[in-house]
1. Here are some residues: I393, I352. Which one is aliphatic (A, V, I, L, M) and modelled with pLDDT of 90 or more?
2. Please verify whether S315 is over 24 Å from I211 (Cβ atoms), modelled with pLDDT under 80 and not in a loop (DSSP other than H, G, I, E, B), treating the condition exactly as stated.
3. So in segment 151-164, with the set limited to residues that are surrounded by fewer than 21 Cβ atoms within 10 Å (Cβ to Cβ) and assigned to a helix (DSSP H, G or I), which one is modelled with the lowest pLDDT?
4. Out of segment 15-42, which residues are touching a residue at least 12 places away in the same chain (Cβ under 8 Å) and either among the basic types (K, R) or surrounded by fewer than 17 Cβ atoms within 10 Å (Cβ to Cβ) (or both)?
5. When you go through V108, V58, V99 one by one, which is the residue that is over 30 Å from E514 (Cα atoms), in contact with a helix residue (DSSP H, G or I) (Cβ under 7 Å, 6 or more places away or on another chain) and not aromatic (F, W, Y)?
6. Say we look at segment 237-252 and pick out the residues that are within 15 Å of R206 (Cα to Cα) and out of contact with any Lys or Arg (no Cβ under 6 Å at 6 or more places or on another chain); which of these is surrounded by the most Cβ atoms within 10 Å (Cβ to Cβ)?
7. Could you give me the residue pairs with C-beta distances under 8 Å whose first residue belongs to segment 561-574 and is in a helix (DSSP H, G or I), whose second residue is surrounded by fewer than 17 Cβ atoms within 10 Å (Cβ to Cβ) and small (G, A, S) wherever it lies, and which are 6+ apart or on separate chains?
8. Being closer than 21 Å to S44 by Cβ, buried (at least 21 other Cβ atoms within 10 Å of the Cβ), in contact with a Pro (Cβ under 9 Å, 6 or more places away or on another chain) and in the same structural domain as K20 (by TED's automatic domain parsing) is true for just one of L141, L115, L146. Which residue is that?
Amino acid sequence: MGPLSTACEAIAATTRKTEKVRLLGDYFRSRKLEEAAISAVFLSGRAFPACEEATLQVGGTMLWETVQAISGKGEREIAAAYRRHGDMGAAAYDLMLDVVPAERGLSVLDVARRLRQIAETRGSSAKAALLRQLLAPAGALELKYLVKIIGGDLRIGLRESLVEEAIARAYAATLPGVQRANMLLGDIGETLRLAAEGKLDQARMRLFHPIGFMLASPAETAEEAFQYFERAAVEDKYDGIRAQAHVSDHVRLYSRTLGEISGSFPELQAPLASFPEGLILDGEILAWQAGDPGGRALPFSQLQQRLGRKKVSASLMQQVPIAYVVFDVLYAQGELVIDRPLRERAEILDRIFAEARRHPRQGIRRDAGEAQGQLLFSGGDAGEEAAANSTEILRAPATTADSSAHLEELFEQAMARGNEGLMIKDLESAYTPGRRGRSWLKLKRELATLDVVVTAVEFGHGKRAGVLSDYTFAVRASDDDETLLNVGKAYSGLTDVEIAEFTNWFLRHTIRDEGFRRQVEPKIVIEVAFNAVMVSDRHSSGFALRFPRIVRLRPDKRPEEVDTLDRVRQIYESQKLKYPEGDSGGSEAESGE
């Protein structure tokens, strides 16, 4: 691990991407092929290749306790080191630098073997023992990067795309060839091996590792959105979660963060299994309310009750029914189709749905539906099988707009259906995984803004480790009651300069120091925008804002002038007019796109 750790330090020390790529390419060339391949996986921020199901299942608490045990340092010393860096690996380096040398010559191959042993071991005590056996022999610098690899984030300014560039540089391969092989295989280590052997063209698609999602850029107005395209498809922008479905002899679902979410939506297994094998679909999972005719989407807060669960009960499936709305296809009939224009992918998707209808199983809709995108649900007995019987897959309806006025009209119709807005897509565009350009635009509007006062702040992570960048904020209980009730937390919208300035202010105006978090004097007023208000027991107000972001500072307003809880209730009630049978209950989502 010594050479790898040293390379990581050098890469972290430069901000120039070209220099990072040069350093990494030189490192790959200096190592034997197997060591370079394993290192490529580690340098991508993973313990195992993306295509593998192996997970370490080592949490932050176990890491913390192990570092404490091998360093012999107290809880306060570890907490202080973590606050300084906002990173457990860097904190471990600080703690061990005066205890052990920087390097002790750990083998990358041996580390990979031990990590796999930890992944295969069940039981927290057994895992903790193996983890200590792995970390205890490490030098301080080796420990720093071992902890980072286990935590899944190196934080050295190195993305997988730069690792791909370094592979191309090291082995005289083309960057597009490396990128395509890595996308097909889901294993950057195997991609490195093929590049070194001049065999990148032998890479073949493997299902069941997620491909990066194509992303959309925001458009502020219909006029702005319309000016980019001569011919564009227009779809509703759904208020659910993006999901990629891989269909073969079994079905798996992946979220936008590329994590598997199949367990949260078991009733989608049977309907998706009715599609032809060898398929990757892109779409949105929605909470759905049956009705006549068709039904309608429910607020995201309903769907949120289903997220993050390893197993979903039959009662919850009945309480929060779902639908999967499909709007793109990435792989079909043994062929990757992302390079084809959207109009061709749309035709392929139509044929896929037609094939599924010719050989129907439960859950496949018989027609594509009207532009509203309505879905039908059948009844059934309680239980997972009944839930699967009543869950359908929809081919997302699309239309076209011939003017900005027409686009605005379509936008209002989408909002009336309970959706977020519109997606406008260039019909000639390829599907570009992980990239955000102007080929896809999203047109949506925030629900409202609130003037709030900051009541607590937290230290950030990574480049914001030393500053207080996460703000918890509150509204007043009423016009007659100045009690402050927290309603959300935001960490985006301010510049680095503004955050640095306010860090100094908050440090001087701390009411209670809780270590990583500080309660502060409620004097800083900010304006926040958000997409929805949800019932939540996380905050004292009983509500939480979805996707809050700081719009601007309000030095012109005093804390006693911030909005009240009545205003929050009014916004919440206005949502219910859109969802007369729905409920905005559920837990809170505070991170934006």
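The values are calculated or read from the model by the stated rules, or taken from the named source; none is laboratory data. None of these values were measured; they are calculated from a predicted model. Counting neighbours? That spans all protein chains shown, and the Cβs are built from the backbone with ideal geometry, glycine included.
1. Working: I393 fails: modelled with pLDDT of 90 or more.
Just one listed residue meets the conditions, I352.
2. Values: over 24 Å from I211 (Cβ atoms): yes; modelled with pLDDT under 80: no; not in a loop (DSSP other than H, G, I, E, B): yes.
Criteria not met by S315.
3. Applying the filter and picking the extreme gives G151.
4. T15, K17, K20, R22, D26, R29, S30, R31, L33, E34
5. Values: V58 fails: over 30 Å from E514 (Cα atoms); V99 fails: over 30 Å from E514 (Cα atoms).
Only one candidate qualifies: V108.
6. Taking segment 237-252 and keeping what is within 15 Å of R206 (Cα to Cα), we get 244-252.
Checking which are out of contact with any Lys or Arg (no Cβ under 6 Å at 6 or more places or on another chain) leaves us with 244-245, 247-252.
Values: Q244: 21, A245: 26, V247: 23, S248: 14, D249: 8, H250: 13, V251: 20, R252: 20.
The selected residue is A245.
7. Listed by first residue and then by second, the contacts come to L565/A477; L565/S478; D566/S478.
8. Values: L115 fails: in contact with a Pro (Cβ under 9 Å, 6 or more places away or on another chain); L146 fails: in contact with a Pro (Cβ under 9 Å, 6 or more places away or on another chain).
Testing whether each residue is closer than 21 Å to S44 by Cβ, buried (at least 21 other Cβ atoms within 10 Å of the Cβ), in contact with a Pro (Cβ under 9 Å, 6 or more places away or on another chain) and in the same structural domain as K20 (by TED's automatic domain parsing) leaves just L141.
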